[in-house]
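Read the figures in this text as sums done on the coordinates, not as results from a lab. Keep in mind it's a predicted model, so treat the numbers as computed, not measured. Cβ sites come from the backbone with ideal geometry, for glycine too, and all protein chains shown count toward neighbours.
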Amino acid sequence: MNFLLKTYYLLKHFGPGLLSQRLGLAMKDRLGLTRRVFRRQPWHTIRLSELCEAGVDTDDEGYTALKRGQSLPFFFPLGQPPKLIEHVIEAAGDRSPSLEERVALLRENRCVYFFHTPSPEKNDWHTNPFTGGSSAKDRLWSDLPFFDEALGDARVMWEPSRAAWAYDLARCAVRDGDPTHAVEFWRWVDSWMDGNQPFDGFQWKCGQESAVRLMAMLLGFWTFADEAEPKHWVQMAKLAWATGYRIEHHIDYAISQKNNHALSEACGLMLIGYLFPEFQSSPPWRRLGRRVLTDQLRMQIYDDGSYIQHSFNYHRVMLQVSLVALRVAELANEPFERDIYERLDKAKTFLHAMMDENHGRAPNYGNNDGSLVLPLNECDFTDYRPVLQAVHFLVHRERWLPAGLWDEDVYWLFGDEATEALAGECTKVERVGSTAFEEGGYFTLRKEASWAMMRCHTYRDRPGHCDQLHVDLWWQGHNVFQDAGSYLYYTPGRGDVAQYFKSTKAHNTIEIDDNEPAEFVSRFLMLPWLSGRIKHHYVNDSGLAWMEGERSDYDRKPWRVLHRRSVIGMADDVWLVVDDLFGDGDHRATLRWHLADWPWKLDAERAQVTAQSALGDISLALCAREAKVTSIDLVSGRDQPDDVQGLVAPYYGEKQAAPTWEVMYEFCEKSRMVTAVHLGGSMIELAHVDVDSILSPEGESWSVITEASRKVVKLASLDRGSPRTLLSIE
């Protein structure tokens with residue numbers, strides 16, 4: 001993309017104000033002003049006497065006595081973590097490795113990456129165990145590059161420092177009362193502080209990481225406070241002050257990103273301000289954190305409850321840091337304004353509408369970097385029920401979901417208040433129905449045992465993936481048509497892999513002329529932003545569920561192709577997806593369905609794939625109109641340079657092979673491709689009733705045949721100006 005066009009799109013999407021802010025921040029770094037603010041300051045040079053208000057006793061014994069005597073607004077009193085109900089303690093967890101296995105790994109000086117992958121090596125705060133690359137620990141954070149080929153992905157480097165080990169040790173101590181968990185906690189804290197002097201090294205490079213780390217260590221500290229020695233109180237105070245200083249002096253950068261970074265950093269400032277009131281900086285930090293959090297939540301949560309980052313995982317991050325901040329403010333008798341609670345409640349309702357109720361999972365949609373800032377339960381990383389239960393309790397002070405492992409968060413955050421409330425029956429949550437979140441561009445159709453989500457949106461905030469008209473299809477808790485995920489943000493030497501997971505190729509939609517509809521001008525920015533509109537979202541009492549949207553990303557030079565998609569839910573878990581393309585001249589198109597990892601069989605001649613699963617048989621069929629199919633293939637695990645397909649990342653940093661049904665075809669001016677899916681059936685046949693009906697103004701008829709039924713679906717004739725695609729089903 002040339003400079004002038006790039007500048008035009010940047011001004012169009014970001015506006016001159018935000019661009020000026022980002023340029024100013026970049027200039028500040030380039031001139032060395034950031035370096036002057038964050039001078040090297042080893043732990044032993046930080047003196048509490050210089051940080052605290054006058055008159056505060058800051059020797060080890062005196063400071064410990066002060067802190068033990070303060071009434072501080074934390075989730076539970078010092079040294080008195082919550083008592084858990086039997087159903088939480090005794091139920092078998094879904095996380096792997098289990099809590100006991102994770103604690104055993106900690107004693108070997110190993111942690112678990114992204115809640116799923118044990119470290120292959122003993123922990124080193126400055127080394128990536130998967131690449132072997134290291135970062136200098138004695139250089140100021142602002143002098144270190146974000147992207148270092150030897151080091152690898154930054155998010156991998158930060159994962160151990162997010163201190164999920166603090167949560168694990170605290171939760172294990174509540175369960176078995178073993179005093180050695182406290183010893184292990186302090187060993188890990190000592191290791192981190194010995195290896196990461198203030199503002200030196202990669203672990204200080206991100207203010208959000210600093211805030212998330214402090215949240216975890218504070219919960220561990222409050223749990224093990226009775227075993228804490230005076231030096232530990234001083235140690236934690238120094239860590240809190242350095243974290244607050246790091247955040248305060250660079251939070252403008254987080255705010256300029258318009259994402260969850262500003263929320264996390266604001267939450268960190270509030271925690272420090274409330275829990276360390278003796279600091280001279282605490283009152284302004286607390287006020288700054290509250291102001292930023294309030295402003296950002298009002299801006300970042302759309303009016304329909306969807307989220308600015310177009311990512312379900314980041315949506316959860318937003319909810320969890322908000323939970324922490326609002327709960328601490330309540331305990332300090334300074335609750336947030338009611339509209340903030342109402343906005344979080346809408347965000348909870350939205351996420352619930354995007355969740356599969358069988359296992360609490362949601363589509364692996366948008367950027368997913370493996371973040372889980374409150375791992376306070378034994379539910380799998382992919383389970384969104386814990387945050388939904390906790391947010392509902394925060395807003396309404398009652399149980400929402402039935403009892404389960406996902407209750408543990410509420411006990412940790414609300415203590416005795418939760419015990420009585422959760423003992424009651426859950427609120428009568430009606431089964432999730434079909435939903436339309438037009439402001440965020442998310443649309444779902446729900447049938448008895450299956451449901452579909454389609455993305456159709458004109459972005460007004462930065463998109464992460466090329467995924468317009470992507471469709472997720474779920475059946476009895478299984479993700480039949482899935483989103484590939486994110487894998488890693490930085491893959492040295494294999495930029496094609498990182499690009500694949502963000503691209504049209506990794507989503508269930510159509511690619512035109514082997515090109516992306518937008519260009520990635522940096523790792524996290526594509527231009528121009530994607531555009532689309534929903535035309536219909538319709539559900540009736542007879543069981544018909546139908547949505548239709550169109551994307552205009554390709555409807556510009558050099559393609560001039562409009563893509564219109566209809567998703568139709570019929571009886572007996574039969575689904576149709578109708579893809580119409582309208583353009584000028586000759587074009588190539590590629591339709592992809594990223595399938596569940598089942599043993600699929602391809603019949604290319606009949607354009608069908610089938611699979612046998614534990615739930616039953618599944619069959620898919622394709623039929624084209626006004627198109628010449630040139631290739632039908634079932635691809636899995638293709639991972640060659642510049643030739644990547646059939647890969648998914650269920651967890652960050654974990655790449656797996658998965659089958660992808662890839663159909664390539666050519667068309668002139670217009671075409672129609674129909675995909676039929678029968679969930680729970682061994683066969684489905686799709687055919688035209690009248691071959692010449694495409695020329696008829698009354699539309700065209702298609703027969704959809706399964707073992708149990710025969711339906712005739714009438715579709716509008718191929719016409720760019722047609723007001724609707726689905727006419728009737730008989």
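Below are the figures for this structure:
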{"item": "Shape category assigned to region 621-730 from the gyration tensor of Cα positions, a/c cut at 1.5", "result": "prolate"}
{"item": "Vicinal HN-Hα couplings computed from phi for region 166-178 (Karplus, 6.51 cos²θ - 1.76 cosθ + 1.60; Hz; Gly/Pro x)", "result": "5, 5, 4, 5, 5, 5, 5, 5, 5, 7, 10, x, 6"}
{"item": "All lysines inside 23 Å of LYS557 as judged from Cα atoms, apart from same-chain residues fewer than 8 positions distant", "result": "LYS6, LYS12, LYS502, LYS505, LYS670"}
{"item": "Shape of region 543-606, Cα gyration tensor, a/c cut at 1.5", "result": "oblate"}
{"item": "Principal-axis tilt of helix 3-30 within the chain, Cα atoms, nearest 10 degrees", "result": "10 degrees"}
{"item": "FRET efficiency estimate (nearest 0.05) - Cβ-Cβ, ASN358 to ASP584, R0 45 angstrom", "result": "0.50"}
{"item": "Gained length - LEU544 relative to SER682, 0.36 nm times residue gap less alpha-carbon distance", "result": "47.4 nm"}
{"item": "Angle in degrees between helix 385-396 and the longest Cα principal axis of the chain, rounded to the nearest 10", "result": "70 degrees"}
{"item": "J(HN,Hα) series, region 543-554, from Karplus relation 6.51 cos²θ - 1.76 cosθ + 1.60, nearest Hz, glycine and proline x", "result": "x, 6, 10, 8, 9, 9, x, 9, 10, 10, 4, 8"}
{"item": "Point-to-point label distance, THR630-ARG494, nm (Cα→Cβ direction, 7 Å offset)", "result": "2.8 nm"}
{"item": "Approximate spin-label separation SER552-ARG22, in nm, with each point projected 7 Å along Cα-to-Cβ", "result": "2.4 nm"}
{"item": "Charge dipole (region 515-657, unit charges on Cβ, about Cα centre) - positive-most of MET547, VAL561, ILE618", "result": "VAL561"}
{"item": "Gained length - GLU448 relative to TRP43, 0.36 nm times residue gap less alpha-carbon distance", "result": "139.8 nm"}
{"item": "Quotient of C-alpha Rg and 2.2 N^0.38 Å, computed over region 463-532", "result": "1.17"}
{"item": "Dimensionless Rg ratio for the chain, taking C-alpha atoms and the 2.2 N^0.38 Å reference", "result": "1.00"}
{"item": "Percentage relative contact order, the chain, counting C-alpha pairs under 8 Å, at least six apart", "result": "9 percent"}
{"item": "Summed residue charge, Cβ within 11 Å of TRP451's Cβ, Lys/Arg positive, Asp/Glu negative", "result": "-2"}
{"item": "Sequence-distant lysines (8 or more away, or on other chains) whose Cα lies within less than 18 Å of LYS137", "result": "LYS122, LYS205"}
{"item": "Amide H contacts of ASN368 (H built 1.01 Å from N, under 5 Å, at least 5 apart or other chain)", "result": "SER486"}
{"item": "Net charge of neighbours whose Cβ lies under 13 Å from the Cβ of HIS181, counting Lys and Arg as +1 and Asp and Glu as -1", "result": "-2"}
{"item": "Cα gyration tensor shape for region 208-255, rounded if a/c is under 1.5, else prolate or oblate", "result": "oblate"}
{"item": "Charge tally in the Cβ shell below 15 Å around ALA658, where Lys, Arg are +1 and Asp, Glu are -1, ALA658 excluded", "result": "-3"}
{"item": "The chain - mean residue ellipticity at 222 nm from DSSP helices (-39,500 (n - 2.57) per run, n ≥ 4, rounded to 500)", "result": "-10500 deg cm²/dmol"}
{"item": "Overall dimensions of region 26-137 as given by Cα atoms, namely Rg and Dmax in Å", "result": "21.6, 58"}
{"item": "Amide H contacts under 5 Å for ALA545, placed H, 5+ residues apart", "result": "GLY569"}
{"item": "Mean-position separation - Cα centroids, region 429-458 and region 206-235, in angstrom", "result": "41 Å"}
{"item": "Extension gain from SER728 to GLU342, taking 0.36 nm per residue of separation minus the Cα-Cα distance", "result": "135.0 nm"}
{"item": "Restricting region 312-372 to GluC sites (Glu not before Pro) in coil, as DSSP defines it, with at most 11 other Cβ within 10 Å", "result": "GLU337"}
{"item": "5 angstrom amide H check on SER717, placed H, neighbours 5+ away", "result": "GLY699, GLU700"}
{"item": "Mean shadow area of region 435-729 over all directions, Cα convex hull, nm²", "result": "14.7 nm²"}
{"item": "Label point distance in nm, VAL689-ASN2, each placed 7 Å from Cα along Cα→Cβ", "result": "5.3 nm"}
{"item": "Degrees, to the nearest 10: 230-248 long Cα axis against longest axis of the chain", "result": "50 degrees"}
{"item": "Karplus-derived 3J(HN,Hα), 6.51/-1.76/1.60, for each residue of region 277-289, Hz, glycine and proline x", "result": "x, 6, 5, 4, 7, 4, x, x, 5, 4, 5, 5, x"}
